[in-house]
Amino acid sequence: MALSNDDEALINRKLPKELLLRIFSFLDVITLCRCAQVSKSWNVLALDGSNWQRIDLFNFQTDVEGRVLENISKRCGGFLRQLSLRGCLGVGDTSLKTFAQNCRNIEHLNLNGCTKITDSTCFSLSKFCPRLKHLDLTSCISITNNSLKSLSEGCQNLELLNLSWCDQITKDGIEALVKGCNGLKALFLRGCTQLVDEALHHIETHCHELVILNLQSCMQISDEGIAGICRGCHQLQSLCVSGCTNLTDASLVALGLNCPRLKILEAARCSHLTDAGFALLARNCHELEKMDLEECVLITDSTLIQLSIHCPKLQALSLSHCELITDDGILHLSSSTCGHERLQVLELDNCLLITDVTLEHLENCHNLERIELYDCQQVTRAGIKRIRAHLPDVKVHAYFAPVTPPPSVGGTRQQLCRCCIIL
């Protein structure tokens, strides 16, 4: 229902400005902008800096120019605590310097995908924003070690830093960062391909409160670096080493012996890991909730038996391309405490020994939400239909290749499937 001028005037008379401001504080960016167009008095209320403590432009408009950010910073000033500029490609160093000067109480800043920014932005943040706690620089590819040196000097309250795909970062930058920001609890280094074990040694030495560490695709990392992290970061709850192809069971042993609070382990494509390593991990890390073991090609049903016995809180498990897994392993998993009470996601893509028997076992997993079965060639439509009858809310993702036509009776030519005929 549209608001008439009389209605709006009545609201202004009946409610004090402080209460109207309180009401406006619950509105999102789009609604505030609409309210600002109702009248002069509402324009003043809607654009009051106290209403703009949290702004996420990703859900509003990402093609903003730098001057828009400068205007926002001048309007919000010290009120602004959280700002997301994720995907705002037009924002650069100059506008972010103005922002830093005006919004010195900023605590959460997301610059994910702001590819124009350079070390100059981190220098400005270091100089003007000492309260900064969360900073996301994902895919800011011009960022170098100089940025980390600046942050270590002026933003020592940092608790979360995302440097994913900032591939100019080296061990020297990490050393400078952690010496000044030793209160880091979450550090994301995905795709920082120049990092070596020495960088992890600096983290081990200074970041004893670290809870989350992501090293995806840091391919130069070895067991030595992971072992150091485990020795120095006993609070660790989430570790991603997917794509760190040099790792062996020694890393799993270090985790099991030093990180009993571990809840999430992502180790996709770590093809040297075996049942022995996962057995020790499972026996010591009873809090595990999520595991990504895609392409850990050496593991067998033995790993599933250990997880079913020792990890009752397991909710999500990826075994895609683990071609040695069979129906018997899934039987142990589905019959366990985690199977009955916790398991929500199970990924079995390209597990070639899995059959409809697995789906019968999974009927016991009453909390199951999603099963991935792409290229499980022994799973049939009938099997999927049966599990859906028992678990109507489960999402089953599968793919069935077109059937090759049978050869013609009495034909002498070699028959081709439809795909080959098209080619």
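The values are calculated or read from the model by the stated rules, or taken from the named source; none is laboratory data. The structure presented is a predicted model; accordingly, all values stated were derived computationally and were not measured. Cβ sites come from the backbone with ideal geometry, for glycine too, and all protein chains shown count toward neighbours. Quick note on the areas: whole protein, heavy atoms, side chains included, nothing else; ligands and nucleic acids left out. Shrake-Rupley method; radii C 1.70, N 1.55, O 1.52, S 1.80 Å.
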- Once the dipole of the chain is set up with Lys and Arg at +1 and Asp and Glu at -1 on Cβ about the Cα centre, which of Val38, Val379, Leu27 lies farthest towards its positive end? Val38
- Query: Using a Gaussian network model of the chain with C-alpha springs under 10 Å, which one of Gln82, Gln37, Gln216 is most mobile by mean-square fluctuation?
  - Reply: Gln37
- Message: Which residue, Ala268, Leu298, Phe128, has the largest displacement toward the positive end of the dipole of the chain when charges sit on each Cβ (Lys, Arg +1; Asp, Glu -1)?
- Response: Phe128
- Query: In nm, what is the difference between 0.36 nm times the number of residues separating Glu65 and Phe79 and their Cα-Cα distance?
  - Reply: 2.9 nm
- Note on the structure: For the chain, the per residue accessible area (1.4 Å probe, Å²) is 48 Å²
- Quick one: order Met219, Met291 from most to least accessible surface, probe 1.4 Å. Met219, Met291
- Task: Taking a cut-off of 21 Å between Cα atoms, list the lysines near Lys385, but don't count ones fewer than 8 places away on the same chain.
- Result: Lys395
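Can you sort Ile305, Ile143 by 1.4 Å-probe accessible area, starting with the largest?
Numbers: Ile305 50, Ile143 0 Å².
The ordering from most to least exposed comes out as Ile305, Ile143.
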- Note on the structure: Amide H neighbours of Ser84 at under 5 Å, excluding residues fewer than 5 places away on the same chain, with H built from the backbone geometry, are Ile55, Asp56, Leu57, Asn110
- Whole Å is fine, so just give me how far the alpha carbon centre of the range 121-161 lies from that of the range 207-264. 24 Å
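With the cut-off at 32 Å, tell me which of the pairs Lys17/Lys185; Lys116/Lys179; Lys149/Lys313; Lys171/Lys263; Lys116/Lys185 have Cα atoms farther apart than that.
Working: Lys17/Lys185 41 Å; Lys116/Lys179 28 Å; Lys149/Lys313 40 Å; Lys171/Lys263 27 Å; Lys116/Lys185 27 Å.
From Lys17/Lys185; Lys116/Lys179; Lys149/Lys313; Lys171/Lys263; Lys116/Lys185, over 32 Å: Lys17/Lys185; Lys149/Lys313.
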- Query: Given [x] -0.42, -0.54, -0.93, -1.10; [y] -0.46, -0.57, -0.92, -1.10; [z] -0.37, -0.49, -0.95, -1.08, which label gives log10 I(q)/I(0) by the Debye sum over Cα atoms at q = 0.06, 0.07, 0.11, 0.13 Å⁻¹ as computed from the coordinates?
  - Reply: [z]
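Within the accessible area of the chain, what % is carbon and sulfur when the probe is 1.4 Å and the other protein chains stay in place?
Numbers: 10150 of 20170 Å².
Answer for the chain is 50 percent, counting heavy atoms of protein chains only.
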- Over the heavy atoms of Arg54, what accessible area does a 1.4 Å probe trace out, to the nearest 10 Å²? 150 Å²
